[in-house]
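J.: Here you go, one structure.
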Amino acid sequence: MPLSERLSAMREAVRAGAHHHYRHDDTPDIAAEAAARGLTWAQRAALRTVRMCAGEPPIIEPDQRIVFTRTQRRVPPLYTPDDWAAFRATLDGDPSGEINNICADWGAVLDQGLLARRAQALATRARLAADPAAVEFLEAAVATIDSVLDLAARYAAEARRLGRNDLAAALDEAPANRPTSFHAALQALRLLQAVVWLSGHMHVGLGRLDQYLWPYLAADLAAGRLDWPGAEELLAEFFISLNRDSDLYPGVQVGDNGQSVMLGGVDRAGREAVNPLTWAALRVAGAVAMIDPKINLRVTPDTDHELLREASRLTRLGLGFPQYANDDQVIPGLVAFGYDWEDARDYTVAACWEFIIPGRGMEIVNVGAVSFPAAADAAIRAGLAAGDAGFQSILDRCEAEIRAQVHALIEPERRLILPPAPYFSVLMDGPLATGRDLSAGLKYNNFGLHGAGCAAGADALQAIHELVYDQRTLAPGDLLAALDADFEGYESLRTRLRETVTKVGNNDDDADAQLVWLFERFAAACAAEGDNGRGGRIRPGTGTAMFYVWLARGRAGLREPVVGATADGRHVGDLFGANLAPTPGVTVRGPLSTLQTFAKIPYDQIVNGGPVTLELADNVFRGDEALDKVALLVRAFAQVGCQQMQINTVNLATLEDAQRHPEQHRHLIVRVWGWSGYFVELDPVYQEHVMSRHRHGL
Amino acid sequence: MRGIVFDIIEFAVHDGPGLRTTVFLKGCPLRCSWCHNPEGLHPAPQILTSPAGERLAGRVWEASELAALLNRQGDLLRPNGGGVTFSGGEPLAQYEFLLAVLARLDHLDVVLDTSGYALPEVYAEVVSRCALIYQDLKLVDPAAHVRWTGADNAWILANIAQLPRLGVPFVLRVPLVPTVTDTPLNLRAIARLADGLDGLLRVDLLPYHRAAGGKYRACGMDFVPDYPEDAPLNLDLSPFDDLGVPVRLAGESYDAPL
């Protein structure tokens, strides 16, 4: 579907930031007001949501059918620095930043409406009247509900004043009550989600949008109130609206904002859940072709070929999504970890790839990253220096390193205190019934750890295994000296390590055995940590996030170890592969072997997510059959038993031109680590990494 | 039995149906002046040099070793309508090695991508073990064929003529090289030759791609096209349409997989 003229113009205007003139730097002084009124932490958080909502004047542009334009650029702090220091000293633990990277129970909130949630809060307050903490939380929650209702009412009044009665009617009914139209549902979702951002949270995903919105659309279609072109037009406008404020959403880079959507899969009872909106969302995402929302698609080996073909159109556009998740691996993996079947079937992703349960998870999915290269390197250097007689000794040392890294990352987190989040609590399953803020925990309270640089770590172990202990053709002292010299003067040794030792990514059983071993030991180390202090455990994963850069080059404040030159022939500072990928520059046969390699990871133990990251040259897409071929590749990914996959499609020459002439490539989108961003807006280090992934061979 | 392979490309999207891995056998008896795989010409391994460094093109494989490698992908290739394509170079130039590999493949559909320049009995033996043939046909006129490819086309025409009897479906693939193969005369001759051949699925016309010369420097060779590279291609399909020969203009697919 092509975008309508109206939406094409809207898309261009959003990209150009035409709405930025509404923005300003005035923010309500929450800290001062709260201090004057003697408010608690939770009350301050509610006050911030209330004042931020009140500070948003209704802005309705003539061509808009889905409204909300944020004007306040910044979200103010809850305390002055001095007050915070004093308050923090009273806390028995370490407060974290604002809650982020979880998924609201959008479906239930839309279905019930905020008034019903409000009534529930008041009923619980009456029941728990003797519990001051519950009363405080529930009153804070009600205050935030009222502020959202007020914001909606002011937008409705403005719409009415402008003669936009359809918009006014939609805002009248939702989010206060259950929407009676697809339009009202989208509008309500837009407001509800925008207020999460206004409340200071980050990485606010939209979960299983095709599931919870389909009933509204289906009813409209059945009643003849809407046709498919009209539905797609609305959905496209909604998708464009998600891009209006993405530049205000803090992440490591512009684009890293976690506005993810999960499509397809099964319902909570395990029935096929692909519906017409699943298809429409794929079509519309292709027509909009912007970085938000980031599309994920759940698949199995039996997924309809035509659906995969439709998804492949997005890949062909170079959007870097969909990212695919394999239900056959993810769901049993979550169950093995302790999730209920119904919840496991309802999974979505957090900002990038971490599997979470909408409404039911207060999981902290990215506590940090284990550096496999650092663990392997420490073991290799110590073991060779000590004259270890066998490879098993190196492995033993490596396992101890992994355990030590995991423990060092987790131990301080046991003292973690999450800040109260009364508004986000309104959107989750449980808090309004229990009278306990989201920050106290939900049904699932696990931590996630990334497992970064797995290919480089395994390659280094394999090099030692092959050359030092098996062939006995490399003297330990030579390798240690070469590592210390960053291979300067040891070029032929480096070439040997690089070119002759088998590497991860080629479906080679020897190298892959090291990979599997690393993840098994990682899982064991996480399990050994036991409870995380919040009634959860530690989920090991296969993602890297930005650690593929940081673990190689360091960064201020980094807790994880930074590694120098490594025994796989890697120079100091060379970046690691993003997520599950061969080490950059390593020769691999191709995507089939790479999938076969990463299918060997024990995904029943490794459940924090992290995609196989494939890079396809864009010449793959010449010819009519290309979409079929990519669809088959996705099916192969599911058949072979991988867990998650993203595909990037880029033309190196285009990227080089974009570096030289950024103004001519404003819309060029690339996949970075778990999200898509505009290439020209990335820091050079990330630009370089994306380009290096495409710069292999002749 | 050993052979020399200069590349193995997984997820080869232009070399046959389904999910597919292509094996490029090194060495070719033809010298087509538009050849885009110059590293496939010489039968021995050679070092390619480029700003990115050096790369060895050509590795010796035992037939059993190559077959084992390909069989390891069978679980992905078979259920996705695919298999293995043997290309080159000219794969029939190493036909004994090729036959040894084919004999060891575990139920993998094989596409043979060939110039057809081989002894007819060799051709028949290999073809009969394949599921689909991508049979190149550049020029019908023998003198022109010698002029532009350095080789006579008698074997090629004889092999095309025996394809219907061999009972293996085939596609005729015609590289459209400006003023050389895209002439109305040549296209009419190809259409007449194709007309009525049992087992012919279609004729694929593969438009010339300017990237043809890209790898010559790395091979230490000069790319000297003795035809006007920029001349507009004759894309007139009427010689085929007139005879009812199924024809397809392939995207831009006559460039090598990178």
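J.: Over region A:498-576, with a single point scatterer placed on each C-alpha, what log10 of the ratio I(q)/I(0) does the Debye formula yield at q = 0.18 1/Å?
T.: Debye curve over Cα of region A:498-576, log10 I(q)/I(0) at q = 0.18 Å⁻¹: -1.00.
J.: What distance in nm separates the simple spin-label points at A:Arg15 and A:Val516, each placed 7 Å from Cα in the Cβ direction?
T.: Here the answer is 4.7 nm between the modelled labels.
J.: While we're here: So which residue, out of B:Val13, B:Val174, B:Val203, gets the largest mean-square fluctuation from a GNM of chain B using Cα contacts under 10 Å as springs?
T.: Highest fluctuation of the listed residues: B:Val13.
J.: Counting heavy atoms of the protein chains only and a 1.4 Å probe, report the per residue accessible area for the protein assembly as shown as a whole number of Å².
T.: It amounts to 35 Å² per residue over the protein assembly as shown.
J.: What number does region A:252-381 give for Rg over Rh if you use C-alpha atoms and the Kirkwood radius?
T.: 1.03
J.: Under a crude label model (7 Å from the Cα following the beta-carbon direction), how far is B:Leu119 from A:Ile417 in nanometres?
T.: Distance between the two pseudo-spin positions: 8.8 nm.
J.: Can you tell me the length gained on complete extension of the stretch A:Arg666 to A:Ala475, counting 0.36 nm per residue apart and subtracting the Cα distance? Write down the numbers at each step before the final one.
T.: Details: separation 191, 0.36 × 191 = 68.76 nm, distance 5.21 nm.
Net length gain for the segment: 63.6 nm.
J.: How tilted is helix A:5-16 with respect to the longest principal axis of chain A? Cα atoms for both, answer in degrees (0 to 90, nearest 10).
T.: 60 degrees
J.: Treat each spin label as a single point 7 Å out from the Cα along the C-beta direction, and report the A:Arg73 to B:His107 distance in nm.
T.: Each label point lies 7 Å from its Cα, and together they span 6.5 nm.
J.: Additional query: Per residue of B:8-21, how many C-beta atoms from partner chains lie within 10 Å of its own C-beta, taken as a mean?
T.: On the way: counts 3, 2, 11, 15, 3, 13, 7, 0, 1, 4, 4, 10, 3, 4.
Neighbouring Cβ atoms belonging to other protein chains average 6 per residue here.
J.: For B:Tyr227, what charge total do you get from the other residues with a beta carbon under 12 Å from its beta carbon, if Lys and Arg give +1 and Asp and Glu give -1?
T.: -3
J.: Show me the ranking of peptides B:111-118, B:24-31, A:527-534 by mean Cβ neighbours inside 10 Å, starting with the highest.
T.: B:111-118, B:24-31, A:527-534
J.: For B:Leu119, what accessible surface area do you get with a 1.4 Å probe? Give it in Å², rounded to 10.
T.: Counting only protein heavy atoms, B:Leu119 exposes about 80 Å² to solvent.
J.: Using the Kirkwood formula on the Cα atoms of region A:407-536, what hydrodynamic radius do you get, in angstrom to one decimal? Before the final figure, lay out each step's value.
T.: Working: mean 1/r = 0.0539 Å⁻¹.
Hydrodynamic radius (Kirkwood, Cα only) of region A:407-536 equals 18.5 Å.
J.: Do the sum for chain A: with -39,500 (n - 2.57) for every DSSP H run of n ≥ 4, divided by all residues, what is the mean residue ellipticity at 222 nm, to the nearest 500 deg cm²/dmol?
T.: -14500 deg cm²/dmol, from helical runs alone.
J.: Provide, for q = 0.14 Å⁻¹, the log10 of I(q)/I(0) from a solvent-free Debye sum over equal Cα point scatterers in region A:563-671.
T.: For the requested q values the scattering log ratios are -0.74.
J.: To make sure I understand the rule: partners must be aspartates and glutamates, Cα under 18 Å from the Cα of B:Lys215, and not fewer than 8 residues away in the same chain. Which ones qualify?
T.: B:Asp7, B:Glu39, B:Glu54, B:Glu90, B:Asp226, B:Glu229, B:Glu252, B:Asp255
J.: I've got another one for you. Students sometimes get this wrong: rank A:Asp604, A:Asp437 by accessible area, probe 1.4 Å, all chains present, largest first.
T.: From most exposed to least exposed: A:Asp604, A:Asp437.
J.: Considering protein heavy atoms only and a 1.4 Å probe radius, which residues within region A:613-647 exhibit an accessible-area decrease of no less than 40 Å² in the full assembly relative to the chain by itself?
T.: Those residues are A:Asn619, A:Val620, A:Arg622, A:Glu625, A:Lys629, A:Leu632, A:Gln639.
J.: Straight-line reach from A:Lys600: which lysines have Cα under 24 Å away, leaving out those fewer than 8 places along the same chain?
T.: Counting by Cα, and skipping residues close in sequence, A:Lys600 has these lysines nearby: A:Lys503, A:Lys629.
J.: Placing one identical point scatterer on every Cα of region A:369-610 and ignoring solvent, what is log10 I(q)/I(0) from the Debye formula at q = 0.08, 0.14 Å⁻¹?
T.: Debye intensities relative to I(0), on a log10 scale: -0.33, -0.87.
J.: Other chains near B:74-82: what is the mean number of their Cβ atoms within 10 Å of each residue's Cβ?
T.: Average per residue, whole number: 5.
J.: Quick one: net charge of A:Gly93's neighbours, Cβ under 9 Å, K/R +1, D/E -1? Write down the numbers at each step before the final one.
T.: Working: positive: A:Arg414, A:Arg415; negative: A:Asp92, A:Asp94.
Charge balance near A:Gly93 sits at 0.
J.: Under Stokes-Einstein, with the Kirkwood radius over Cα pairs standing in for Rh, what whole-number D in µm²/s applies to region A:7-204 at 25 °C and 0.890 mPa s?
T.: Here the translational diffusion coefficient equals 134 µm²/s.
J.: Separate question: Taking the Cβ of A:His450 as the centre, find all other residues whose Cβ is under 11 Å away and add up their charges (Lys, Arg: +1; Asp, Glu: -1). Don't jump to the answer; show the numbers that get you there.
T.: On the way: positive: A:Arg539; negative: A:Glu354, A:Glu560.
Net of charged neighbours comes to -1.
J.: Could you tell me what % of all Cα pairs in region A:79-187 have separations over 22 Å?
T.: 52 percent
J.: For the pairing of chain B with chain A, what total accessible surface becomes buried, with a 1.4 angstrom probe, in square angstrom to the nearest 100?
T.: 2400 Å²
J.: Taking a point 7 angstrom from the Cα of B:Arg59 along the C-beta vector, which residues in region A:570-587 have backbone N less than 11 Å away?
T.: Under cut-off, by backbone N: A:587.
J.: Measure nothing but the geometry: give the 0 to 90° angle between the long axis through the Cα atoms of A:372-385 and the longest principal axis through the Cα atoms of chain A, rounded to 10°.
T.: Long axis of A:372-385 versus the principal axis of chain A: about 30 degrees.
J.: Inside 10 Å of the C-beta atoms of A:591-602, what's the mean count of C-beta atoms belonging to other chains? Mind showing how you got there, number by number?
T.: Values: counts 4, 12, 8, 2, 4, 5, 0, 0, 1, 0, 0, 0.
Rounded to a whole number, the mean comes out at 3.
J.: Quick one: plug the Kirkwood hydrodynamic radius of region A:304-366 (C-alpha pairs) into Stokes-Einstein at 37 °C, 0.692 mPa s, and report D in µm²/s.
T.: 249 µm²/s
J.: For chain A, what relative contact order do you get, as a whole percent, if you take Cα pairs closer than 8 Å and at least 6 residues apart?
T.: 15 percent
J.: Give me the percent of DSSP beta bridges within the protein assembly as shown that run antiparallel, rounded to the nearest 5.
T.: Once the DSSP bridges in the protein assembly as shown are tallied, antiparallel ones form about 30 percent.
J.: For the peptides B:81-89, B:95-103, what is the packing order when you average, over each peptide's residues, the other Cβ atoms within 10 Å and list the highest mean first?
T.: The most tightly packed comes first, giving B:81-89, B:95-103.
J.: How big is chain A along each principal axis, measuring the range of its Cα positions in Å and listing the largest first?
T.: 82, 63, 48
J.: Still on this structure, I have one more. Measuring from the lowest to the highest alpha carbon on each principal axis, how far does region A:140-247 reach, largest first, in angstroms?
T.: Between the extreme Cα coordinates on each principal axis of region A:140-247 lie 41, 32, 25 Å.
The values are calculated or read from the model by the stated rules, or taken from the named source; none is laboratory data. Keep in mind that what you see is a predicted model, and the values were worked out from it rather than measured. Glycine gets a Cβ as well: all are built from the backbone with ideal geometry, and neighbour counts include every protein chain shown. The protein model used for the area step is the full one, side chains on, heavy atoms only, and it has no ligands, DNA or RNA in it. Shrake-Rupley method; radii C 1.70, N 1.55, O 1.52, S 1.80 Å.
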